[in-house]
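Following: one structure in structure tokens, then a few remarks.
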Amino acid sequence: MTAEVTRAATDFGRAATDFGRVEISHVTGDRFTVRIRDHAVTVDQPKDAGGEDTGPTPTELFVASLAGCVGFYVRRALARRGHPTDGLAVTTTYRMGTNPARVAEVRITVALPGDYDADTLARLRAVAEHCTVHNSLRIPPSIEVELATTP
């Protein structure tokens, strides 16, 4: 970890090891490689927006992370209670907003395998609505942007 990253991490009052790390590197045009642990994901823009469409947009990845988190939490809750998980699916739609540009609305549909009573559905909804990504949107993290030049 570089001294700058260590300093930035400790500036937030936490040890540097308490921070996750994601690295983004420019490839060409609007294409970037996102490195997360031992994984690499390409982000790009659609062709009609000037990109080459070699991967999802960062905004699509943002919405996907919310849907993936909901799916993860619901699957865990189902498994913990001995309910089936095969066939669990999450579909997400979203609408963009302007001034400022942002995701203005997200609709998440969780297709549950099996039939559940109203009480179980209410518990599963509560689990889905309190996944880590959803919580991070409700109580936004502090965000600090630092620009560093390279010689």
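The values are calculated or read from the model by the stated rules, or taken from the named source; none is laboratory data. The structure presented is a predicted model; accordingly, all values stated were derived computationally and were not measured. No Cβ is skipped: glycine too gets one built from the backbone with ideal geometry, and neighbour counts run over all protein chains shown.
Worth pointing out:
- Taken over region 29-57, the criterion of being of a type in the set (A, V, I, L, M) and outside any helix (DSSP H, G or I) is satisfied by V34, I36, A40, V41, V43.
- Here R95 passes the criteria (1) basic (K, R); (2) surrounded by 11 or more Cβ atoms within 10 Å (Cβ to Cβ); (3) within 19 Å of the chain's Cα centre (by Cα) except the one numbered (2).
- From the list G114, G82, G87, the one residue that fits, being over 30 Å from D30 (Cβ atoms) and at pLDDT below 95, is G114.
- From the options L124, L137, L112, residue that is touching a Phe, Trp or Tyr at 6+ places or on another chain (Cβ under 8 Å) and among the aliphatic types (A, V, I, L, M): L124
- Here A67 clears all of (1) over 25 Å from V27 (Cα atoms); (2) without any contact (Cβ under 8 Å) to a residue 40 or more places away in the chain except the condition numbered (2).
- Among residues of region 70-81 that are closer than 15 Å to G114 by Cβ, those with a Cβ under 7 angstrom from a residue that is in a helix (DSSP H, G or I), sequence gap 6+ or separate chain, pair up as V74/L124; V74/V127; V74/A128; A77/L124; A77/V127.
- Qualifying residue in region 94-116 (condition: free of Cβ contacts under 8 Å to residues at least 24 places away in the same chain, over 19 Å from V63 (Cα atoms) and not assigned by TED's automatic domain parsing to the domain that holds G71): no
- Members of region 117-151 that are closer than 21 Å to V63 by Cβ and of a type outside the set (A, V, I, L, M): R125, E129, H130, C131, T132, H134, N135, S136, R138, P140, P141
- Taken over region 55-84, the criterion of being surrounded by fewer than 15 Cβ atoms within 10 Å (Cβ to Cβ) and among the hydroxyl-bearing types (S, T, Y) is satisfied by S65 alone.
- Residue count for region 27-45, restricted to those that are crowded, with 16+ Cβ neighbours inside 10 Å and not hydrophobic (A, V, I, L, M, F, W, C): 4
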